[in-house]
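The values are calculated or read from the model by the stated rules, or taken from the named source; none is laboratory data. Being a predicted model, the structure only gives us computed values, none of them experimental. All Cβ positions, even for glycine, are placed from backbone atoms using ideal geometry, and neighbour counts span all protein chains on display.
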Amino acid sequence: MKAVCWFGKNDVRVTSVPDPSIINPHDAIIKVTTTAICGSDLHLYDGYIPTMQKGDILGHEFMGEVVEVGHSVQRLKKGDRVVVPFTIACGKCFFCRRDLWSACDNTNPNAQTAEMLYGFSGSGLFGYSHMMGGYAGGQAEYVRVPFADVGPIPVPPDLPDEKVLFLSDIFPTGYMAAENCNIQPGDTVAVWGCGPVGQFAIKSAYLLGAERVIAIDNVPERLRMAAEEGNAKPLNFDDEDIFGKLSEMTGGMGPDACIDAVGLEAHGTTVDALYDRAKTALFMATDRSHALRQAIRACRKGGTISVPGVYGGLLDKFPFGAAFSKGLTFKMGQTNVHKYLAPLLSLVENRRIDPSFVITHRISLKDAADGYETFKKNRDECIKVVMKPDLN
Amino acid sequence: MELRRNRGLYARAARHPFLTSGAALLGAGVGYAVYRVVTNWSKPEVAKEVHVETSIAVNKTPAELYAIWRNFGNLPLFMKNLVSVTDSGDGRSHWVAKTINGSQIEWDAEIYNEKKNELIAWRSLENSDVVNAGSVRFEQGPQGRGAFVRVTMNYNPPVGKAGEAVAELFHIDGAHLIKEDLRRFKQFVETGEIASITGQTSGRAEIAQPSTDLSPEAAATEKARGQRA
Ligand SMILES: NC(=O)c1ccc[n+]([C@@H]2O[C@H](COP(=O)([O-])OP(=O)(O)OC[C@H]3O[C@@H](n4cnc5c(N)ncnc54)[C@H](O)[C@@H]3O)[C@@H](O)[C@H]2O)c1
Ligand SMILES: [Zn+2]
Ligand SMILES: [Zn+2]
């Protein structure tokens, strides 16, 4: 089959690889009908995530048709059309039973590596480094899905792929980011980053009752989407003093909750951002946290910082004093996708949201290398790329 | 997890009030112990006694876990280096483990302390090449935490040829391997399979042919059927 493989920094190739096969009794094989490139994939593409190996198959946002099931699979059948969560969870452990699916104890075959770095290991992830399990991803014609009875959710035939695909990651991710804000009536939520995750965080914040959402980025078309699709107030950080503006818009209080939907590759031209660039270039720190710092400073006293953006290692010059003296609450982590599948699917079925609004590019899987470049460089007003293996 | 190395006489471990908890533990442990001795070759008169403790929470009751563990034939399902354990029915058992180069070590063991649903403790019989002792305890955890499985083991380096063969091949922390065996035990018991990517597809040319490797789970099932790879 054809699959998108990682060969190094800025180097992904569509290659012929063997078809996947059932390895464990709860596995299924899915024929992928639609898959997408995520902002998280850019962290791999940019070489920020350790323990990748040349030849690893990428991709964690995908859906398709079940073509084979292992002998212990009971719920899922051949022919089912399913969306697959990017986190792999067993459904049986302490964490799964508490809806903390991305903390599943039993799905990372390389848990000891993550433990060395983080103390404990989270769940396995598709296509996201060997530290996270080393599972082959879904930017491919076929993919092996472990614990097939636990993760994949069957979707109704009348909903096209583009409306349900993002249940695999970015819709639940944006939704959990907003849920983590504990939104109360009258709340203002500020969202850093208007990529796909930010876009879903904006919509979700309104769905969860926010009075007003403010969107921060410096890419004009992304800010435009946040305003037009998301009904957010856009702020361009190239033109505005973000702290001053947020303060002014909230009567001097600061936003009630701040969402960092940027993650470890935040851009910026302020002193701290340049300092981060220099330090990460010299490997003295690993993550650039400019957006997070700004969010911590801007947030109101007793407010919440919600972090869906991915961080992998060490932060430098983290304003913990500000966080402490204002009594902030921090919520973060890989999304507990399984928890959100059914409720968010019903929002789509009830037409409360049409997740396909973020898609700007539809390409064939064989053009994936181009897709990565276009997405990374915001070329051609790119916001979200979906790929189809059967497109020519 | 704790790893302690004491100086002690070789004979002491044979009578030590801990019993080995499994051959994989043991295979690894022995290798490690011997490795330590070899790397401390300047003091050949002192045998190293190794003491390891580790624990893991498993989402089952102590009684369920005890029952699985007490059926020694199950141990190779999750203990990587264990080839077989045969229960002779009189509290004695025969253990076969493989070393990293694929050669095998064997010994006999006896249960010398046991409390139903709580504790199994055993030790190698006298005159074994492999001197070891260990225990496994199953304790009820706080509400919703399942049971805590605690493994303690002590082992002493084997003497003679077997010991040297093992020593060459293990350069790994024995405690680490024990922890990994316990992790597989937890996965196996909680989910019915052991997480694996062995043999999966990738764009690496060297595995461009479908792999013939078995996953740990598949390998375990094969073992359970009594087929040796
Ligand atoms: N928690 C999870 O489970 C999860 C799931 C999916 C994605 N993510 C992460 O969410 C983040 C966003 O994902 P995405 O797909 O939207 O990525 P993306 O790269 O498309 O979006 C990031 C956006 O942040 C903007 N940005 C950069 N620096 C900024 C700054 N200083 N202030 C404000 N905006 C800034 C960029 O211009 C871009 O529009 C990534 O870190 C991704 O890895 C996390
Ligand atoms: Zn993603
Ligand atoms: Zn789990």
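At a glance:
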read-out	value
Matching residues, region A:153-176, being within 14 Å of ligand 1 (Cβ to nearest atom) and assigned to a loop (DSSP other than H, G, I, E, B)	A:ASP169
Residue identified as over 20 Å from A:PHE200 (Cβ atoms) and of a type outside the set (Ser, Thr, Tyr) among A:GLY327, A:GLY333, A:GLY309	A:GLY327
Residue match in region A:36-48 (condition: farther than 25 Å from A:ALA281 by Cα, modelled with pLDDT of 95 or more and away from ligand 2 (no atom under 14 Å from the Cβ))	no
Filter result (at pLDDT below 95 and on the phi > 0 side of the Ramachandran plot) within region A:269-321	A:PHE283, A:LYS317
Where a residue in region A:1-29 is within 10 Å of chain B (Cβ to nearest Cβ) and without any contact (Cβ under 8 Å) to a residue 60 or more places away in the chain and its partner, wherever it lies, is assigned to a strand (DSSP E or B) and surrounded by fewer than 19 Cβ atoms within 10 Å (Cβ to Cβ), with Cβ under 6 Å and at least six apart	A:CYS5/A:ARG13; A:PHE7/A:ARG13
Pairs, first part of a loop (DSSP other than H, G, I, E, B) in region A:255-283, second of a type in the set (Ser, Thr, Tyr) and modelled with pLDDT of 95 or more, C-beta under 6 Å, six or more apart	A:PRO255/A:THR188; A:ASP256/A:THR188
Within region A:218-249, tally of residues that are more than 25 Å from the chain's Cα centre (by Cα) and surrounded by fewer than 18 Cβ atoms within 10 Å (Cβ to Cβ)	8
Complete set of residues in region A:44-62 that are within 19 Å of A:MET387 (Cα to Cα) and within 15 Å of ligand 1 (Cβ to nearest atom)	A:LEU44, A:TYR45, A:LEU58, A:GLY59, A:HIS60, A:GLU61, A:PHE62
Test: residue in region A:48-69 that is free of Cβ contacts under 8 Å to residues at least 12 places away in the same chain, aromatic (Phe, Trp, Tyr) and away from ligand 3 (no atom under 14 Å from the Cβ)	no
Every residue from region A:90-122 that is within 10 Å of chain B (Cβ to nearest Cβ), within 12 Å of ligand 3 (Cβ to nearest atom), in a loop (DSSP other than H, G, I, E, B) and at negative phi	A:CYS90, A:LYS92, A:CYS93, A:ARG98, A:CYS104, A:ASP105, A:ASN106, A:THR107, A:ASN108, A:SER121
Selection status of A:GLY59, among the small types (Gly, Ala, Ser) and within 16 Å of ligand 2 (Cβ to nearest atom)	yes
Region A:143-152: number of residues that are surrounded by fewer than 24 Cβ atoms within 10 Å (Cβ to Cβ) and either outside any loop (DSSP other than H, G, I, E, B) or facing chain B (nearest Cβ under 10 Å) (or both)	1
Single residue of region B:88-120 satisfying the filter (β-branched (Val, Ile, Thr) and touching an Asp or Glu at 6+ places or on another chain (Cβ under 8 Å)) that is modelled with the lowest pLDDT	B:ILE105
Residue match in region A:94-108 (condition: closer than 27 Å to A:CYS194 by Cβ, of a type in the set (Asp, Glu) and either within 16 Å of ligand 1 (Cβ to nearest atom) or assigned by TED's automatic domain parsing to the domain that holds A:ALA261 (or both))	no
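Yes/no matrix, rows are residues, columns are (1) of a type in the set (Asp, Glu); (2) closer than 30 Å to A:GLY254 by Cα; (3) touching a Pro at 6+ places or on another chain (Cβ under 7 Å):
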residue: A:ARG75; (1), (2), (3): no, no, no
residue: A:ALA89; (1), (2), (3): no, no, no
residue: A:TYR118; (1), (2), (3): no, no, no
residue: A:LEU167; (1), (2), (3): no, no, no
residue: A:THR173; (1), (2), (3): no, yes, yes
residue: A:GLU179; (1), (2), (3): yes, yes, no
